[in-house]
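Q: One structure coming up, written as structure tokens, with questions to follow.
The values are calculated or read from the model by the stated rules, or taken from the named source; none is laboratory data. Please read all numbers here as calculations on a predicted model, not as lab measurements. Cβ placement follows ideal geometry from the backbone for every residue including glycine, while neighbour counts extend to all protein chains displayed. Heavy atoms of the whole protein, side chains included, go into the accessibility calculation; ligands, DNA and RNA do not. Shrake-Rupley method; radii C 1.70, N 1.55, O 1.52, S 1.80 Å.
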Amino acid sequence: MKMVLASRNAHKLVEMREILSRLGVEVVLESDVGVDVDVEETGETFEENAALKAKAVMAAAGLPAIADDSGLCVTALGGGPGVYSARYGGEGLTDKDRYELVLDGLRGQLDRSAKFVSCICCAFPNGDVLTARGECPGVITYSPRGEDGFGYDPIFFLPEQKKTFAQMTGAEKNAVSHRGRALAKFKTELENYLNGTDK
């Protein structure tokens, strides 16, 4: 089965392919099927935004489309940046600019607790929709650590692993990350769907 990833994020493509290829699912980019859809993320939740993206790309491509909406929720920032994680601070900022904004916002804060959230939605041309949510709790560091990963990875620390996401290998991160957890749930949902057990 071919699925179109409703994202231009190459990092997400790698993570999706690594997990879904085991189900015989070929994940391709919008550009691979001649589609270029710019979806305005107007949802107030990760679930709503993932559904908006998946349904729009599915309609344009005529193929099943999978979307992920994810973000960092920091307790001391009232759950922010949340659904605005990719746009935190406005347009034109780099990943480094954004995580430095988070660090600035936590200056003097003792509560560094946070979680990454990922919501996955897959929309099929027949109207069926599958969804899954994954969360990964952690804490925000006082300064960035690690060279790998993307986004807020250098400041998101997992005490059990004694590493930030940016200090982990791809395999290590997928095993514990919010997206890895959401994809594991989605994998089960998709297996059931393909086997007809949820019909």
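Q: Return the residues of region 134-147 that are surrounded by fewer than 20 Cβ atoms within 10 Å (Cβ to Cβ) and in contact (Cβ under 8 Å) with a residue 24 or more places away in the chain; say none if nothing qualifies.
A: Quick first cut of region 134-147, residues surrounded by fewer than 20 Cβ atoms within 10 Å (Cβ to Cβ) only: 135, 137, 139, 141-147.
Those that are surrounded by fewer than 20 Cβ atoms within 10 Å (Cβ to Cβ) and in contact (Cβ under 8 Å) with a residue 24 or more places away in the chain: E135, P137, V139, T141, Y142, S143, P144.
Q: Just a yes or no: is a residue in region 68-85 under 17 Å from L190 (Cβ atoms), open to solvent by less than 40 Å² (accessible area, probe 1.4 Å) and at pLDDT below 95?
A: Within region 68-85, one or more residues are under 17 Å from L190 (Cβ atoms), open to solvent by less than 40 Å² (accessible area, probe 1.4 Å) and at pLDDT below 95.
Q: Right, something else. When the residues of region 13-59 are narrowed to those that are touching an Asp or Glu at 6+ places or on another chain (Cβ under 9 Å) and outside any helix (DSSP H, G or I), which ends up nearest to G79 (Cα to Cα)?
A: The extreme case among them is T45.
Q: Answer yes or no: is there a residue in region 175-189 that is part of a loop (DSSP other than H, G, I, E, B), open to solvent by less than 80 Å² (accessible area, probe 1.4 Å), aromatic (F, W, Y) and in contact (Cβ under 8 Å) with a residue 60 or more places away in the chain.
A: no
Q: Any idea which of (1) in a loop (DSSP other than H, G, I, E, B); (2) under 29 Å from V27 (Cβ atoms); (3) out of contact with any Leu (no Cβ under 9 Å at 6 or more places or on another chain) is the one P125 doesn't satisfy?
A: Every listed condition holds for P125 apart from (3).
Q: Look at K163 and say whether it is surrounded by 17 or more Cβ atoms within 10 Å (Cβ to Cβ) and either farther than 28 Å from G43 by Cβ or among the hydroxyl-bearing types (S, T, Y) (or both).
A: Yes: the conditions hold for K163.
Q: Just one of R8, R22 is over 17 Å from the mean Cα position of the chain (by Cα) and open to solvent by 20 Å² or more (accessible area, probe 1.4 Å); which is it?
A: R22
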